[in-house]
Amino acid sequence: MSTIYLSKKNLFHNLDKALSIVKEKSKLAPVLKDNAYGHGLVEMASLLKEYGVSKAVVITCDDAEKIKDFFPYIIVLADTVNASYSHDFHIAINGIEQLDELPANTNIHINCDTGMHRNGIRPDQLESCIRGAHERKLNITGIFTHFASSYMVTESFITQNEIYSVCCEKAKKLCEKLSLPVPSVHSCNTSALFRAKNFTDDFARLGSGMYGYCTYGKGLKNPDLKPVLSLETNLISSRILKKGQKIGYGETYEAKEDMQVGTYDIGYAQGFPRVDETKIYHTPDNYRLLGRVSMDYVSLDTNEKKVILFNNVSGLAALHKTITIQITCSLSPFLKRIIIE
Ligand SMILES: *Cc1c(COP(=O)(O)O)cnc(C)c1O
């Protein structure tokens, strides 16, 4: 089976870059949702613990359970069954009606919809949300928001920041008035963090940048990050393709002369996106992918025993007109993951 390698050196490089902005390791809350963007939940958790990170962000309580021994502080972004857990995770409130579903003493982070209009309460609901949480004996441990366009120069990023500041102020004042502990505040994902001029939040939710990816639009400078993940495939069989012979489904690649070809053990079932005859992909060692990607195989113009299929998914993402992390997120959880220095 193909193997995913996780570079500790590159991960720590990316974390160092984020740390230079937030200043303290306790202000890093790495996002480990969706099997750590395909990198491997437990593998990434162990590396982050080694680095000295104490917080993590996931989508479900199930995922939080899997990594609870690594981090004392875990935020659960969007579970739908959180009432059934007795725990000390921090549950995001994505709508005011969610308050009724949570047992007393649950830690909550109130998500403020400052303009993305995906999840969260409206700013005008903030006061009733805080009062409602207090009445239900929920612990308000955080106030946060999420940006729609932090990777671009837009008016909305400024507006969202302004609304967020007002919400934080209001929440802090009201908590004080109700004699409640002051909640933590957090707003930055990767692209908001790496453009922050003055980081004042309690922590940042660092996702794609930690894995090595942050691509800005015009007018913003990409940070120096290094992809953590590479994918190595193994030779299954090899043959000489004679001039004029074709290879794979649809027989879309035809040999222009006699050539050495090899079949390797990865396909779209393991998350390597299907490439067809309209696209040309070269591996980092410049081997060419021949014909279509099958469910479990790809063909290359080599018979090397092992081939690195990618060590940076930017090229593949461009080929598929998608974003880098969609490629990593799609990698099968069944692939072996090995941590390298
Ligand atoms: C996924 C996610 C993040 C991380 O975003 P990146 O751009 O990958 O850093 C942060 N906050 C929320 C609410 C998210 O859903």
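A short reminder: the numbers here are calculations on the coordinates, not readings from a lab. Just so it is clear, the model here is predicted, and its values are computed rather than measured. Cβ: placed from backbone, ideal geometry, glycine included. Neighbour counts: every protein chain shown.
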Using a 10 angstrom cutoff on alpha carbons, build the Gaussian network for the chain and name the most mobile of Ser149, Ser299, Ser20. Ser20
Relative compactness, the stretch 229-340, computed as alpha-carbon Rg over 2.2 N^0.38 Å: 1.03
Taking a ≥ b ≥ c as the square roots of the Cα gyration tensor eigenvalues, with a/c under 1.5 meaning rounded and otherwise prolate when a/b beats b/c, else oblate, which class fits the stretch 8-211? oblate
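Loop-only GluC sites (Glu not before Pro) in the stretch 209-290, please: DSSP not H, G, I, E or B, and at most 10 other Cβ atoms within 10 Å.
Answer in residue order: Glu257.
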Looking at the stretch 280-341, I'd like the Rg to Rh ratio, where Rg is from alpha-carbon atoms and Rh is Kirkwood's inverse mean 1/r. 0.95
Over the stretch 229-340, relative contact order from alpha-carbon pairs under 8 Å, at least 6 apart, %: 29 percent
For the chain, give the share of DSSP beta bridges that are antiparallel, in percent and rounded to the nearest 5; count only bridges with both residues there. 45 percent
Between the alpha-carbon centers of the stretch 273-341 and the stretch 53-122, tell me the distance in whole angstrom. 35 Å
Measure nothing fancy, just the Cα-based angle from helix 155-177's long axis to the longest principal axis of the chain, in degrees from 0 to 90, nearest 10. 40 degrees
Relative contact order of the chain, pairs being alpha-carbon contacts under 8 Å that are 6 or more residues apart, as %: 20 percent
Listing His146, His320 from the residue with the fewest other Cβ atoms within 10 Å to the one with the most, what is the order? His320, His146
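Quick one: if you take sqrt(5λ) for each eigenvalue of the C-alpha gyration tensor of the chain, what semi-axes come out, biggest first, whole angstrom?
44, 20, 18
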Starting with the fewest neighbours, write out Tyr5, Tyr37, Tyr151 ranked by other beta-carbon atoms found within 10 Å of each beta-carbon. Tyr5, Tyr151, Tyr37
Using only the alpha-carbon atoms, how far is helix 126-135 inclined from the longest principal axis of the chain? Give it as 0 to 90 degrees, nearest 10. 70 degrees
